[in-house]
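Everything below concerns the one structure shown next.
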Amino acid sequence: MDLLEYQAKELFRKMGIPVLPSQRIDHPRDIKGLQLRYPVVLKSQVRAGGRGRAGGVRFAENTIDAIAAARTIFNLPILGEYPHVLLAEAKYDADREFYLAVVLDYAAQRPVLLGSPQGGINVEAVMQHMQQVVVDQEFSPFYARRLMLKMGLQGTLIESVSAIVEKMYQLFVQKDLDLVEINPLGVSSTNEVMALDGKIAVNDDALGRHRNLALLASKMADRNTSPSLSSAPFLPSEAAGRRGRVFIPGEDKEELLLAGEKGAGAQLRGLNWVNREGNIGIICNGTSLAIATLDLLYQAESKPASYVVVGEDAPTSCDPISPLLERALEQITQSKGIKVVLVNILSSATLSGEVAEVIATYLQGKVKDKQVLGAASAAALPHFVVRLIGGDISSSRERLADLPIHLVDNLDLAIAQTVSLAKSSGKRS
Amino acid sequence: MMNLRPDRVLIQGITEPLGSYYAVRMKAYGTNVVGGVSPGQGGQLLDGIPIFDLVEQALPVVGRVDTTIIFVQPYWAIDAALEAIAAGIRQIILVTAGIPPLDMVCLLRKAEDTGTVILGPSSSGIIVPEKILLGIQESEFYTPGVVGLISRSGTLTYEVAWELTQAGLGESICVSLGRDAIVGSGFPQWLKALDEDESTKAIVLVGQAGGGREEATAEYIAAAIDKPVVAYFAGSHAPLDRRMGDANNIISYHMSMPIPESGTAQRQITAFKQAKIPVAKRPSQIPELVKKALKK
């Protein structure tokens, strides 16, 4: 989950990273109550990069200019994203601008410190001069100083900028971040440093032990809920409310999510994937299986529309698949333009039985609706291609025998059947 | 270093729902489960398996342990792993999924220092068909045979195993590395282990397309592996999760810059082709590629 600049700066401030006086603006009229001295900078609060180049950052000399600028920014989408909030900030005269970041490098499996003596909005220049230091062992400030020398810093800047990197690293570890970035770090003519822009990405798996961040995440999710398919719920952790943990220094037990808040970060769990042009919906029990199925459909030159993962490789009765599958069926069937639903589930015979039961109940309900309401008024159903594999599934086959579905054993055949149904005209009557 | 067929197994988190379910299954499959650990439940028995409060309390009673399998909840899984390492256990299978990656960074540093093999997190474990089950693999898809399977995915592994089973090749062993972005041991270590394993005649890799992580694996195979290897990668048409790549990938993602070439699925497939490793287009193609490679 990515935080917005003003949220990131709040965390910077608490950590002792210098930031400018600033004020959150929810509406252009809030400008009248601005406590800052002009000139000010108004900044669009969006997650997308490239905001400066796109016109999402504007300077204002007085209230009238500022209101006009605020209106413009509120109406300016950055890579399709409209800001809900602006940040008004004092103007800062930077002599030089640096780029600093701490990221978790998933390839190296270690945190990496990054720095570029060319900070700012020219990202090509930033990247061209980017330096890296891998934190391969326990962090100690010398890693930050090593970065300073690689960046070519000299004199007092070595200590002052590496102190910022140290604090960024502390924040990174304390809050389980994937990324913390300052770009630019302004350096004044007197070598004073200031975090002028900031970005923080929180690791989703860790949200359950950072209550405040998770609640922030759920607020943002509510605001950004799209009408398309939402992911099957995958709780960040069921661990909430259990023993405290001891590994992160200064970690506060109260940061664990309370039982009622467990779903807070859950809606953010990535689905899965949606292509508005497509007409095939996929349901699988595992992400890798879903993307493999997606590959096969693309290879067969068909148009997948979405996939939903039910019970991420989760086996057994401990984590019932039924409610997830029921919702997935409902979601996919109701999505616009879906002609075929392909269910591909590999598991134990027990689970196959459960899956067959859910599909059967669902379809029987739909068939009944049609009898009651008449063919014309009942919603047209897509075709169903179902592939269940794992152990003795003869009873599952029986359960599905008389239903309007195509039951296929072999994956290649299931794909072929799906593609041919998707290409045929019209929905099932 | 890798113990492919450990014969004395401990289960940590044995009273977790998943832990108790699979402890019974593992035992029924023929695995020698010598004990379980669950704080506060010490002294009880589960299906005849003695339960202890602490790993170091279990060891003097149950004797040597080759591998521990961890089912403990995500935020406490690292604690369980460190407890096992402190007690001298040097092979750990983390079944738990969703462990925060910075916990893994700490654990991996500790594992490197102590020479501990970590499988997972989010690993389905290891299966030697009809002999040993370590973890949560579904045994229905497997049959004894000659192909060693190493996989970075979950249920897709079963798809590949099922193809090999139906083609009459069967599996000598299947190792699930785990689905999470950061996992302990990777393809190279297990390739080496299977290269030295007598019952394995060919090796199949199941991985993910893109992300820039597997290009080095191709070079490793070309340089160090004698047995035939066939690879299959899912996701060449799926959007890449660029927040999970290397530092350059991640930074360029956050700057809304185009993806660096090093991370693309195409580049990965090219790396394997250059190393002369056949790459299957779909699971059903894997058996024929294996058969062809075995004939050479």
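The values are calculated or read from the model by the stated rules, or taken from the named source; none is laboratory data. Keep in mind it's a predicted model, so treat the numbers as computed, not measured. For neighbour counting, all protein chains shown are included, and Cβ atoms are generated from backbone atoms with ideal geometry for every residue, glycine included. For accessibility, only protein heavy atoms count, side chains too; no ligands or nucleic acids. Shrake-Rupley method; radii C 1.70, N 1.55, O 1.52, S 1.80 Å.
With an 8 Å Cα cut-off and a minimum separation of 6 or more residues, compute the relative contact order for chain B in percent. Working shown, then result.
Numbers: 631 pairs, mean separation 38.1, N = 296.
The value is 13 percent.
What's the average, rounded to a whole number, of partner chain beta-carbon atoms within 10 Å of each residue's beta-carbon in B:95-107?
6
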Shielding score for A:45-51, defined as the mean number of other chain Cβ atoms within 10 Å: 2
For region B:179-215, state which residues have at least 40 Å² less accessible area in the presence of all protein chains than in their chain by itself, taking the probe as 1.4 Å and leaving out ligands, DNA and RNA. B:ARG179, B:ILE182
Roughly what % of DSSP beta bridges within the protein assembly as shown run antiparallel, to the nearest 5? 50 percent
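Could you tell me which of the pairs A:LYS339/A:LYS366; B:LYS192/B:LYS276; A:LYS303/B:LYS292; A:LYS368/A:LYS423; B:LYS131/B:LYS295 are separated by over 24 angstrom between their Cα atoms in the structure shown? Working shown, then result.
Values: A:LYS339/A:LYS366 16 Å; B:LYS192/B:LYS276 18 Å; A:LYS303/B:LYS292 33 Å; A:LYS368/A:LYS423 27 Å; B:LYS131/B:LYS295 28 Å.
Checking Cα-Cα distances, A:LYS303/B:LYS292; A:LYS368/A:LYS423; B:LYS131/B:LYS295 exceed 24 Å.
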Derived scalar couplings ³J(HN,Hα) [region A:174-185; Karplus, 6.51 cos²θ - 1.76 cosθ + 1.60; whole Hz; x for Gly, Pro]: 4, 9, 6, 8, 8, 7, 10, 9, 10, 8, x, 8
Rounded to the nearest whole Å², what accessible area per residue is found for the protein assembly as shown with the 1.4 Å probe? 40 Å²
Asserting the computed 222 nm helical MRE of chain B (DSSP H runs at least 4 long, -39500 (n - 2.57) per run, divided by residue count, to nearest 500) equals -11000 deg cm²/dmol
Could you tell me the total accessible area buried at the B-A interface, probe 1.4 Å, in square angstrom to the nearest hundred? 6000 Å²
What does the average come to when, for each residue of peptide B:218-225, you count the partner chain Cβ atoms lying within 10 Å of its Cβ? 0
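At a 1.4 Å probe radius, carbon and sulfur cover how many percent of the accessible area of the protein assembly as shown? Don't jump to the answer; show the numbers that get you there.
On the way: 14530 of 28840 Å².
Summing carbon and sulfur atoms, their accessible area is 50 percent of the total for the protein assembly as shown.
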Apply the Karplus curve 6.51 cos²θ - 1.76 cosθ + 1.60, θ = phi - 60°, to the phi angles in region A:113-122 and return the couplings in whole Hz, x for Gly and Pro. 8, 10, x, 9, x, 10, x, x, 8, 7
Diffing region A:148-164: the Karplus 3J(HN,Hα) column from phi (6.51, -1.76, 1.60, θ = phi - 60°), in whole Hz with x for Gly and Pro, holds 4, 5, 4, 6, x, 6, 9, x, 5, 5, 4, 6, 5, 6, 5, 4, 5
